Amino acid sequence: MKNEPKKYASRRREMVEKQIASRGVTDPLVLAAMNKVPRHLFVSEALVDSAYGDFPLPIGEGQTISQPYIIGEMTQSLALKGHERVLEIGTGSGYQAAVLSQIVYKVYTIERNNALFLQTRKLFDKLKFHNIVTRYSDGTQGWKQEGPFDAIIVTAGGQQIPSPLIEQLSIGGRLVIPVGDNFSQELIRLEKTEDNIKTTNLGACRFVKLIGQHGWNE
Ligand code: SAH
């Protein structure tokens, strides 16, 4: 980021080294992206000084921006190379989408909360994240007109993997989503091949609810 106070660049470097690389996120594309995106601009004014801490933060509307390490782990699990078109469900603050945008060709991101959708769309414009496309709708139904996607990331937790998302994943594509009940979930990575769907459990996590037709009721 041009014109930002120096302290933020060094806080970011420290975040990447101490919270992310040291815990096993090694993909250089992921580490470089997280070193670049100004996380402090994705939280409210009052939380700017906590933005690089090792914890999730509230972003308004009862929602949260994930702990930096979780963002690193989920992004790495998508095994991105750079040419991909990626779908994100749950735009929220926009931070996860911004990290993805530094790695891939194009990011499609869906948010169901109108206030967050409007606020974050404006922020992407202001910060010139031009390869992020936003949409206000129920992301559990995916984005059929733009699919199939090389990778899909869901940043809210459902009881199961929404079937439209599996349908809209290309052959060879990867999907990552927290699956579980109200209180705790497992981070599930799914890989789709010509004739098979393989899932792996990446471990326990806790996310806000995925609400929609193929998620929780309101
Ligand atoms: N990726 C975000 C995380 C935000 S929290 C970030 O980096 O900040 C999860 C978000 O998912 C919330 O904003 C919530 O409103 C949204 N959400 C929940 N269910 C959704 C659905 N069915 N479609 C789209 N967004 C949804």
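The values are calculated or read from the model by the stated rules, or taken from the named source; none is laboratory data. Computed from a predicted structure; not experimentally measured. So basically every Cβ, Gly included, is an ideal-geometry build from the backbone, and we count neighbours across all protein chains shown. Surface areas here come from the heavy atoms of the whole protein model, side chains and all, with no ligands, DNA or RNA. Shrake-Rupley method; radii C 1.70, N 1.55, O 1.52, S 1.80 Å.
Residues Glu73, Glu88, Glu14, Glu45: which one is out of contact with any Ser or Thr (no Cβ under 7 Å at 6 or more places or on another chain) and within 15 Å of the ligand (Cβ to nearest atom)?
Result of the check over Glu73, Glu88, Glu14, Glu45: Glu73.
Condition (residue is away from the ligand (no atom under 16 Å from the Cβ), touching a helix residue (DSSP H, G or I) at 6+ places or on another chain (Cβ under 9 Å) and open to solvent by 60 Å² or more (accessible area, probe 1.4 Å)) applied to region 145-162: is it met by at least one residue?
Taking every residue of region 145-162 in turn, at least one turns out to be away from the ligand (no atom under 16 Å from the Cβ), touching a helix residue (DSSP H, G or I) at 6+ places or on another chain (Cβ under 9 Å) and open to solvent by 60 Å² or more (accessible area, probe 1.4 Å).
Could you say which residue among Leu118, Leu190 is assigned to a strand (DSSP E or B) and free of Cβ contacts under 8 Å to residues at least 40 places away in the same chain?
On inspection, the qualifying residue turns out to be Leu190.
Evaluate region 170-188: report whether one residue or more is modelled with pLDDT under 95 and among the small types (Gly, Ala, Ser).
There is at least one residue in region 170-188 that is modelled with pLDDT under 95 and among the small types (Gly, Ala, Ser).
Is there a residue in region 125-143 that is open to solvent by less than 60 Å² (accessible area, probe 1.4 Å), more than 10 Å from the ligand (Cβ to nearest atom), of a type in the set (Asp, Glu) and over 20 Å from Cys205 (Cβ atoms)?
No, every residue in region 125-143 fails to be open to solvent by less than 60 Å² (accessible area, probe 1.4 Å), more than 10 Å from the ligand (Cβ to nearest atom), of a type in the set (Asp, Glu) and over 20 Å from Cys205 (Cβ atoms).
Residue-by-condition table, conditions (1) within 14 Å of the ligand (Cβ to nearest atom); (2) surrounded by 11 or more Cβ atoms within 10 Å (Cβ to Cβ); (3) small (Gly, Ala, Ser); (4) under 19 Å from the mean Cα position of the chain (by Cα):
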| position | (1), (2), (3), (4) |
| --- | --- |
| Glu167 | no, yes, no, no |
| Leu175 | no, yes, no, yes |
| Val179 | yes, yes, no, yes |
| Phe183 | no, no, no, no |
| Ile188 | no, yes, no, yes |
| Thr193 | no, no, no, no |
| Ile197 | no, yes, no, no |
| Lys209 | yes, yes, no, yes |
| Gly215 | yes, yes, yes, yes |
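Six or more apart or on different chains, Cβ under 7 Å: which pairs go from a residue in region 199-213 that's small (Gly, Ala, Ser) to one that's in a loop (DSSP other than H, G, I, E, B)? Could you list them?
Partner pairs satisfying both residue conditions: Ala204/Ser184; Gly212/Arg112; Gly212/Asp138.
Name the one entry in Gln76, Gln96 that is buried (at least 23 other Cβ atoms within 10 Å of the Cβ), under 16 Å from the mean Cα position of the chain (by Cα) and not small (Gly, Ala, Ser).
From the options Gln76, Gln96, the qualifying one is Gln96.
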